[in-house]
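A quick write-up on the structure given underneath.
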Amino acid sequence: MPLKLQPATSAWDEQIVALFTDLDVTVDPRFWERAFSPEAPEGTTSTPLLVVENDELLVGYAAARPLELFVETEFVPAQVLHDFVLRPGEHAKDAGAMLLADFARRADITLCGGAGLEPAAVLGRENFHLAGYFGRAVFDPAKATAQKTATLPLQLERPENSLAGLPLDHLNDCLRTERKVFRRRTGALLEWLFRGPAAGEFELLVAHEHTDLHAYAVLRTTPGRAGPELNLVDAACPSVDAPRLARALAGIASTRALPLYVTLFGESWTAAFSEAGFAPLRPRWPLHWILRDPRQRAMGITLLRREAWFLTAADADLDHW
């Protein structure tokens, strides 16, 4: 039976929702509204793709969020796949290969975080690579004990004004000197993702010590097994201030008497959070990547070095789960 790749349209909404429901995949509708809104900052959205059988049955669905990824010496076009779902059956592998092949041609690097995709089985191990797993840690006020130190926590507060006009050059320059792989941050993107229409879902906190925005952290409160939990979904600061950021977050968790979970890919902040009392947890989500041109060996070698990365849950579109 012929399979066809095509852009998603509203005519397929009912089948898309049904496919997600059948596979027990839950996505916050507020995330979809932001992900595909015409009001999103330029260059941060793209049209999802479908694979349909005989023009009537939805077999596969995938979307991607474009981003600029710094690799070694420069920013390159990249994207993060999200909501990659396939209908079980004889056409699942072919549909997955069609979706991944099309998306892989759109950017130099394609990332996929999360457990819902087995890219190596779909597209082939020679192209898709497992970078590793997102590290996780928790600060539980009832159990945590921070190491004694003279380190003062960062003073985090809610921003009074819009961040849309801030280029965040200071943060990007700091990351450039400290890490080999990270996402470019802009005030416009932070404003869109975590304030504005998302203000009721996320809590954006900033520090203004040396620049208009010296550091920031984004928290999300979610229901847990034992009650509400705090989750750090995005953050950035110069690495020298990571211990101060960690202690500020531990202080917030203690004040609110709520556990605070951290999800990061890379090793740069591990020691800082451990010293602040965060306990390591079992890794949860894998991170895969694929190059548009597999002959870019130097870029591939850098991406294989886990210690080179700095990636948050929001960077990999894992902040809405």
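The values are calculated or read from the model by the stated rules, or taken from the named source; none is laboratory data. Just so you know, these numbers come straight off a predicted model, no measurement behind them. Methodologically, a virtual Cβ is constructed for each residue, glycine included, from the backbone with ideal geometry; neighbour enumeration extends over all protein chains shown.
Only one of the listed residues (L81, L19, L100) is within 23 Å of the chain's Cα centre (by Cα), at pLDDT below 90 and over 29 Å from A164 (Cβ atoms). That residue is L100.
Put simply, of R183, R176 the only residue that is under 22 Å from V76 (Cα atoms) and crowded, with 18+ Cβ neighbours inside 10 Å is R183. Applying a threshold of 9 Å to beta carbon distances and a minimum spacing of six or more residues, or different chains, the list of pairs starting in region 95-112 at a residue that is part of a helix (DSSP H, G or I) and ending at one that is acidic (D, E) reads A95/E53; G96/E118.
How about region 146-179: which of its residues are among the hydroxyl-bearing types (S, T, Y) and assigned to a helix (DSSP H, G or I)? Outline the logic, then answer.
In the first step, residues of region 146-179 are kept if they are among the hydroxyl-bearing types (S, T, Y); the result is 149, 151, 162, 177.
Of everything in region 146-179, just one residue is among the hydroxyl-bearing types (S, T, Y) and assigned to a helix (DSSP H, G or I), namely T177.
Residues of region 245-286 that are crowded, with 23+ Cβ neighbours inside 10 Å and closer than 26 Å to L99 by Cα: F265 alone.
Just one residue in the set T151, T110 is at pLDDT below 95, crowded, with 19+ Cβ neighbours inside 10 Å and in contact with a helix residue (DSSP H, G or I) (Cβ under 9 Å, 6 or more places away or on another chain); that residue is T110. Residues in region 216-237 that are buried (at least 23 other Cβ atoms within 10 Å of the Cβ) and among the hydroxyl-bearing types (S, T, Y): Y216 alone.
Screening T145, T211, T149 for residues that are of a type in the set (V, I, T) and touching an Asp or Glu at 6+ places or on another chain (Cβ under 8 Å) leaves exactly one candidate, T149.
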